[in-house]
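Below is one structure, written out as structure tokens, with a few remarks after it.
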Amino acid sequence: MFTGIVLAVGTVAARELAGDGVRLRVATHDLDLRDVRIGDSVAVNGCCLTIVEQASRALTFDVSAETLRCTSGFALDADVNLELALRMGDRLGGHMVSGHVDGVGTVTEFAAVAGDAYGSWRLEVEAPASLARLIAEKGSIAVDGVSLTVNGVRGARFDVNLIPHTLARTTLGKAATGARVNLEADLVARYVARLRDADR
């Protein structure tokens, strides 16, 4: 489990075919790896991956074809958001995030918030239709692994506010119209929808 509080931005340093998937080596830059071990889980752009190799400033992951099919952002040289898995007793600063990406959305608008003296930006994303019903105003959502609060929803589109800290410490500061982003809906919304559908 994760919280959507990004600890560092890494870079995909190598990408090699491995069976029907790929093996990714991610340069972790300033991420503290002292208590990280092979077999541990790491959220990479919001996708829970297992460490298969470890070096002083890099982690290697095997990514299956199924994971590649339903995620985005693992291209060579791409910057990726990194978060280590929760430990018992850690603060829950964002919201509960499983690292199981629900779908890939498309950025439809990214612009500075007019009149905001602090430098916030508004990010609008179009979600897949199957996922849109799980996104609610003032609810939580993970975008490329970043825990965010939904400002508003219009059909399949939703928008979030990005404060300067988020812009500086995650890949979302480099968002651009047309970019594809990994989305994970709030866990509670997923189960409520499942229970409601089962009653029909």
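Scanning the stretch 165-186 for residues that are part of a helix (DSSP H, G or I) and either touching a strand residue (DSSP E or B) at 6+ places or on another chain (Cβ under 8 Å) or closer than 18 Å to T71 by Cβ (or both) yields a count of 7.
Within the stretch 113-121, identify whether any single residue is touching a Phe, Trp or Tyr at 6+ places or on another chain (Cβ under 7 Å), over 27 Å from H29 (Cα atoms) and surrounded by fewer than 17 Cβ atoms within 10 Å (Cβ to Cβ), and answer yes or no.
So the first thing to find is which residues in the stretch 113-121 are touching a Phe, Trp or Tyr at 6+ places or on another chain (Cβ under 7 Å), and the list is 113, 121.
Narrowing the set further to residues that are over 27 Å from H29 (Cα atoms) leaves 113.
Cutting the leftovers down to surrounded by fewer than 17 Cβ atoms within 10 Å (Cβ to Cβ) gives us 113.
Yes, the stretch 113-121 has at least one match.
The test for being among the aliphatic types (A, V, I, L, M), in contact with a Gly (Cβ under 8 Å, 6 or more places away or on another chain) and modelled with pLDDT under 95 holds for A132.
Within the stretch 137-155, can one find any residue that is hydrophobic (A, V, I, L, M, F, W, C), assigned to a helix (DSSP H, G or I) and at pLDDT 95 or above? Within the stretch 137-155, none of the residues are hydrophobic (A, V, I, L, M, F, W, C), assigned to a helix (DSSP H, G or I) and at pLDDT 95 or above.
Scanning the stretch 127-154 for residues that are in contact with a helix residue (DSSP H, G or I) (Cβ under 7 Å, 6 or more places away or on another chain) and more than 15 Å from V101 (Cα to Cα) yields a count of 3. Of all the criteria given as (1) outside any strand (DSSP E or B); (2) touching a strand residue (DSSP E or B) at 6+ places or on another chain (Cβ under 9 Å), the one not satisfied by F110 is (1).
Just to be sure, is E124 in contact (Cβ under 8 Å) with a residue 12 or more places away in the chain, in a strand (DSSP E or B), within 16 Å of V97 (Cβ to Cβ) and not basic (K, R)? No.
Put simply, of G21, G10, G46 the only residue that is surrounded by fewer than 21 Cβ atoms within 10 Å (Cβ to Cβ) and either of a type in the set (G, A, S) or under 18 Å from T166 (Cα atoms) (or both) is G21.
For residues that are of a type in the set (G, A, S), in a loop (DSSP other than H, G, I, E, B) and more than 18 Å from the chain's Cα centre (by Cα), scanning just the stretch 43-102, find the one that is farthest from L172 (Cα to Cα). Lay out the reasoning, then the answer.
To start, the set of residues in the stretch 43-102 that are of a type in the set (G, A, S) comprises 43, 46, 55-56, 58, 64-65, 72-73, 75, 78, 85, 89, 93-94, 98-99.
Adding the requirement that they be in a loop (DSSP other than H, G, I, E, B) leaves 46, 56, 64, 72-73, 75, 78, 85, 89, 93-94, 98-99.
Then keep just the ones that are more than 18 Å from the chain's Cα centre (by Cα); that gives 56, 89.
Working: S56: 26, G89: 28 Å.
The extreme case among them is G89.
Report, ordered by the first and then the second residue, all pairs with beta carbons closer than 9 Å, sequence separation of six or more or different chains, a first member in the stretch 61-88 that is at negative phi and of a type in the set (A, V, I, L, M, F, W, C), and a second member that is part of a helix (DSSP H, G or I) and buried (at least 16 other Cβ atoms within 10 Å of the Cβ). Partner pairs satisfying both residue conditions: F74/T67; A78/T171; V80/T171.
The values are calculated or read from the model by the stated rules, or taken from the named source; none is laboratory data. Bear in mind that the values here come from a model prediction, so they are computed numbers and not experimental data. Quick reminder, even Gly has a Cβ in these numbers, built from the backbone with ideal geometry, and neighbours come from all protein chains shown.
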